[in-house]
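Down below is the structure, laid out as structure tokens.
The values are calculated or read from the model by the stated rules, or taken from the named source; none is laboratory data. None of the values given here were measured: they were computed from a predicted structure. Here the Cβ is made from the backbone with ideal geometry for all residues, glycine too, and neighbour counts use every protein chain on show. Each accessible area value is taken on the protein alone, full model and side chains, heavy atoms only, with ligands, DNA and RNA left out. Shrake-Rupley method; radii C 1.70, N 1.55, O 1.52, S 1.80 Å.
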Amino acid sequence: MNQLKKSTTLTGLILLLSGLSFSLLSQEVTIAYKYSSDKPVSYSSTSEMAQIIDMQGQTMQIDVTSAFGCSVKQAGLQGKDHVLEITVDTLGQSSDSPMGNSGGPIMGIKGKTCKIVVSPCGKAVDLSGAEAIVFNVEGSGESNLSESLHDFFPLLPENPVKPGDTWNTSDSSSMKTAAMDRTIISNIINKLEAIEMVDGVECARITKEGTGTFKMSLQAQGMDLSIKGPFSITSECLVAISDGILMSQSSSMKITGEFNIESMGMTMPVVVIRNDSTVKK
């Protein structure tokens, strides 16, 4: 009889825990950026890009490596949107091609501060503060801080979701600096893969997979250049649910299109492979 009671109790406990687990897994959560005004969050971002150009059967590859480090803290609200204060720690870009090497750290940028406005789901609302921080990149010309911050925060779901949920994001974004004009049209399938503990923090793990079109015009070494074509992209990010901060993000993008040298009337096939990573320090 005692053995029967123990068995019944154990079975009941298993059912209770199973029901609790199912309840937690099926519970909807709101994932949104918040940030704190008194605890800045520091980040380190890297980008590696390979441009492989087919020049009448001969391959030329240009490798570009970029680094960006900053801290982020809350600086108030603008309606429902967040005003974030960004302080630059590091910024640099270098390129390696058959024509030689160029670039390096951007001097005089460390400690520069600006304010930007983003929505709770991470969409850039106002980057004018970042656009005001202007600098020169060796071999590429004048740029500004908005290039590093435009897609810094991965987009989050606008509505509550539960693990396994998917949602589509169709977006068109444009960015322009003195030397570059870029337009991206994308259709992304997002998925909340899981809610998991990472270093003791409850995080949402979100994956993205999609396609779109890419077009960029720029001036380099006195020439007008452009790259355009379709792309595919995959990414994954971790966001702390309670604190509303980005923990990490990684993405891989491949463009298969055309490389144009406008002044010479030349058009060549190009493949661009770009891998980006952002981690909370």
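Quick notes on this one:
- Qualifying residue in the range 158-177 (condition: under 30 Å from MET99 (Cα atoms) and among the β-branched types (Val, Ile, Thr)): yes
- Residue count, the range 113-142 (criterion: open to solvent by 60 Å² or more (accessible area, probe 1.4 Å), within 23 Å of THR169 (Cβ to Cβ) and in contact with a Phe, Trp or Tyr (Cβ under 9 Å, 6 or more places away or on another chain)): 1
- Residue tally, condition farther than 29 Å from ILE206 by Cβ and crowded, with 19+ Cβ neighbours inside 10 Å, over the range 91-112: 2
- Counted residues, the range 254-281 - those being open to solvent by 30 Å² or more (accessible area, probe 1.4 Å), out of contact with any Pro (no Cβ under 9 Å at 6 or more places or on another chain) and in a strand (DSSP E or B): 12
- If you go through the range 155-178 and pick out every residue that is within 27 Å of GLU131 (Cα to Cα), in a strand (DSSP E or B) and either open to solvent by less than 50 Å² (accessible area, probe 1.4 Å) or among the hydrophobic types (A, V, I, L, M, F, W, C) (or both), you end up with 4.
- Residue pairs whose Cβ atoms lie under 6 Å apart, separated by 6 or more positions or on different chains, with the first residue in the range 236-253 and open to solvent by less than 50 Å² (accessible area, probe 1.4 Å) and the second small (Gly, Ala, Ser), are LEU238/SER248; VAL239/ALA204; ILE241/ALA204; GLY244/ALA32; MET247/ALA240; SER251/SER235.
- Test for ASP181: is it open to solvent by less than 50 Å² (accessible area, probe 1.4 Å) and not in a loop (DSSP other than H, G, I, E, B): no
- Of everything in the range 46-57 that is in contact with a Phe, Trp or Tyr (Cβ under 9 Å, 6 or more places away or on another chain) and either acidic (Asp, Glu) or farther than 25 Å from GLY265 by Cα (or both), the residue that is least open to solvent (accessible area, probe 1.4 Å) is SER47.
- Filter pass, MET60 being of a type outside the set (Lys, Arg), open to solvent by less than 50 Å² (accessible area, probe 1.4 Å) and within 16 Å of the chain's Cα centre (by Cα): no
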